[in-house]
Structures are given as C-alpha cells and as structure tokens.
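In what follows, a structure is listed as structure tokens, so that the remarks can point back to it.
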Amino acid sequence: MPVTIKKLRVGISILAKENASIWNNGINQNIAFLVMLLRQSPLVEKVFLINTGKETSLPGTMRFDLIDVPIVQPGEVTHDVDLVIEMGSLIDTKWLRRVHALGVKIVTFQVGHTYTINGEAVVFNKEGGLTFEEPHLRDEVWVLPKSSRTCAPMLRTLTRRPVLEMPHLWSPCFLEAQIGQLAETGHQFGFDPVRDAKKSGGWRVGIFEPNISVVKSCFLPMLACEAAYREKPESVAAMMIINSFHMKEHPTFKHFAIHLDLTRDGRASYENRQIFADCMTLNKLDAIVSHQWENEQNYLYYDALHGGYPLVHNSPFMEKAGMGFYYPGFEAGRGGERLVEAWEKDPAYWEDYRRRSRDFLSTLAPDHPENIRRFTERIARVMEAVR
C-alpha cells in the first residue's frame, strides 16, 4: 500500500500593528514572500500568520490582501500547527513551551541585522532588541546570506542551535500594485532611456537609506553624488535625500550637508519618508545611489532594477550577480565615478540592462524551483530531526 505522508501546517509570526505599511519594514515583505513560497512546497498543507500584536487584523496599508493569508492568535492553533516560524515578532514563551512539549518544531528566521539591532538597542536605549527568553525551545535558526559574517556567529553561540542560510525572496507583487495606482493617475514608473537621452541637464538622483542605523545611512551616497558633481557638474541636476528631514537641524548633519557643493548650489533637498515607487515617479527621479554596511541584500535594489533604474551601490551580492554599478566599501569617490559612468551610457545599453535585471530578479522569486527546493529540503530535515 502507498505510504500517506502528512502535509504540514505552518504558522509564521507577525506583529499586527496599527498604521503599519508594507513599505515601512522589510520584515513584512519577507513574511509575505515566504508565505507565497510555502504554498508551493509539496510538504505544506496550509500556511497561516500567528499574530503577536494587540490588533486583531492587519491594516489595509500592509496589502496582505494580495496574498490572502489567514491570521490567527497563538491559542487558536495550539493543536493545529506542525511547524512554527518565528519571523515577524517573538512569540509568547509560555505558548512556545506548550507547543514544544506537543512536538511542534520551532524555527527562528532572523531576516534583519540582528547584531546591529541588539547592539544599538542597548547602546542608544532603543526598542527592538532580540530577547530569547528560552533559546533551547528553538530547533534551528535561519538567516539570510547577508548575515553570514556578522549575525550568524552571534546567533550560533547565543542559541546553541544550528544556524543555516536561506535564500532571500522577492516578488514584484506589492510594487506592481503601487505602480498600478500611479498609472491610474497618469504617472508611469520606470526608467525611460529614450526620454532620458532627450533631456537637457543631469540626472535627478534619489537616496533612500532609512537613516535609523549606521547599517544603511545617507552619508556615503551623498558623498558619491558630490564626487560625481565635482567631476562632471552636468551629470547631477538634483540630489534628493529621502528619510533625512528629521536630521536637518542636527549640528553634525547640518555642517556635513552645507559643505557640499550640491547643497550650496541649491541642488540638494532633504525629505521625509516616501514610498519608493511614488517618489521615483512623481519627482521624476532618474537614478538611485545607495550604501550599506554588512547588509548587502535589500528590497530597494530589487525594486529599482524592476523599474530599470540605474543603481549605484556597494553590495558584493549585487556585484557578484553583475547588477547595477558597484563601488567597493566606503569608497565614495568610486561611487561618484560609477554614477558618471552610468550617466554617460547610451539608450541601447539600458535595454540590455533591463533585460539582465529581470533575468536576475526571476531567481529571487518565491515560485523559482531552486528556492522552493531549498526551503522544502530544510523543512524536511527540521521535521525529521530527533530532539
């Protein structure tokens, strides 16, 4: 007789929070894309979100209606879950103890920069640090490849559990929904090389670092734009620094900014937070300059490439894939050179750039066979392991 294999019921933790947006925190996109992948795994029967927040449902601005996934309270699924993935938030320890005793497997998936989050939370008295009350309850810890050097060793020692790298996933579903809203008002998202070639003047450059941590801040991108402007003033028409308005009057930032030729010449603007697609489209921006520190996989990069936009970055992950215009480490001068190099490309180059970008992005998709295989095999090993 054929052996019937029981398919798994998988719960992923999420924090239901008032006024949360899919664009405010990359963790929520990570969760959504994992849901999309697990639904295609031959091992999984159903996927649901385990809510650890005070709200009973996700706000519409989270756009989880696009993936239509049920959200439950922990107590509702105590006897209806086989695998818990602690991802969007930490789950109540008492409940974890209970399901652990029932044989449920528990994995913590750390997609953020755990080392910096913990360090800065303590040093600067910020909220959000990782507090594992009873790490032995977890069977494994998963991280993204970007965390292999900084976070994985720390988590391995802290939890005394295996720490494994898992693929970074991305889908354009949320971005495309935003693009659709823009199209309804007559605005078109995406880099148009023909239109760009006809423009007089330089590029309007956007900098989108969150500026809430040293991991991703605007200082280096600003200097890269400044270097490009000094080398070839006609290459940069404007530099728009998103997420920087709250820093304008800080003495350090103020003195840093006013010494830039771009600021003195009235070509720099300091803005509040904006949705990427809206900002690029409504402000008619042409290119993105970015910088990261040990955080080389970012949704900003993927969204920019989806629109065919020139992307100047210092991500070894993206450089290895041949994407965008790479400059090493903290070499702002090299970043400026790459920006000028990109600006000088002819329209034919950008057609190939867009094609290569789409090919690369397809490898990140939740429905890519290799990604499904990686997660399916890992889950199988977790479920088979004897405690």
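Is it the case that the stretch 307-325 has a residue that's acidic (Asp, Glu), touching a strand residue (DSSP E or B) at 6+ places or on another chain (Cβ under 6 Å) and not in a loop (DSSP other than H, G, I, E, B)? Yes, the stretch 307-325 contains a residue that is acidic (Asp, Glu), touching a strand residue (DSSP E or B) at 6+ places or on another chain (Cβ under 6 Å) and not in a loop (DSSP other than H, G, I, E, B).
Whether any residue in the stretch 367-376 is free of Cβ contacts under 8 Å to residues at least 40 places away in the same chain and of a type in the set (S, T, N, Q) is what I want to check. The answer is no; no qualifying residue exists. All of Ala227, Ala238, Ala304 fail the test of being in contact with a helix residue (DSSP H, G or I) (Cβ under 9 Å, 6 or more places away or on another chain) and under 23 Å from Gly186 (Cα atoms), apart from Ala304.
Residue-by-condition table, conditions (1) among the charged types (D, E, K, R); (2) within 30 Å of Lys216 (Cβ to Cβ); (3) in contact with a Leu (Cβ under 7 Å, 6 or more places away or on another chain):
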{"position": "Val81", "(1), (2), (3)": "no, no, no"}
{"position": "Gly88", "(1), (2), (3)": "no, yes, yes"}
{"position": "Ile91", "(1), (2), (3)": "no, yes, no"}
{"position": "Lys94", "(1), (2), (3)": "yes, no, no"}
{"position": "Arg97", "(1), (2), (3)": "yes, no, yes"}
{"position": "Lys105", "(1), (2), (3)": "yes, no, yes"}
{"position": "Thr108", "(1), (2), (3)": "no, yes, no"}
{"position": "Gly112", "(1), (2), (3)": "no, yes, no"}
{"position": "Ile117", "(1), (2), (3)": "no, yes, yes"}
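Take Phe219 and decide whether it is within 30 Å of Tyr115 (Cα to Cα) and either among the aromatic types (Phe, Trp, Tyr) or more than 24 Å from the chain's Cα centre (by Cα) (or both). The answer is yes for Phe219. Might you check whether a residue that is assigned to a helix (DSSP H, G or I) and over 23 Å from Glu370 (Cα atoms) occurs anywhere in the stretch 127-136? Yes. Any chance the stretch 88-98 includes a residue that's of a type in the set (Ser, Thr, Tyr), free of Cβ contacts under 8 Å to residues at least 40 places away in the same chain and over 30 Å from Asp278 (Cβ atoms)? For the stretch 88-98, residues of a type in the set (Ser, Thr, Tyr), free of Cβ contacts under 8 Å to residues at least 40 places away in the same chain and over 30 Å from Asp278 (Cβ atoms): absent. Among the residues making up the stretch 28-42, a single one is over 15 Å from Thr363 (Cα atoms) and in contact with a Ser or Thr (Cβ under 6 Å, 6 or more places away or on another chain): Ser41. The selection criterion, being over 26 Å from the mean Cα position of the chain (by Cα), modelled with pLDDT of 95 or more, part of a loop (DSSP other than H, G, I, E, B) and over 23 Å from Tyr327 (Cα atoms), does not hold for Gly201. Taking the stretch 252-299 as the range and being closer than 16 Å to Ile212 by Cα and over 25 Å from the mean Cα position of the chain (by Cα) as the test, the residues that pass are Thr252, Phe253. The number of residues in the stretch 45-56 being under 15 Å from Asp82 (Cβ atoms) and free of Cβ contacts under 8 Å to residues at least 40 places away in the same chain comes to 4. For the stretch 207-253, name all the residues that are surrounded by fewer than 14 Cβ atoms within 10 Å (Cβ to Cβ) and either of a type outside the set (Asp, Glu) or in a strand (DSSP E or B) (or both). Within the stretch 207-253, Ile212, Val214, His246, Lys248, His250, Pro251, Thr252 qualify.
The values are calculated or read from the model by the stated rules, or taken from the named source; none is laboratory data. Remember, predicted model here, so these are calculated numbers, not experimental data. Neighbour counts are summed over all protein chains in view; Cβ atoms, including those assigned to glycine, are modelled from backbone coordinates with ideal geometry.
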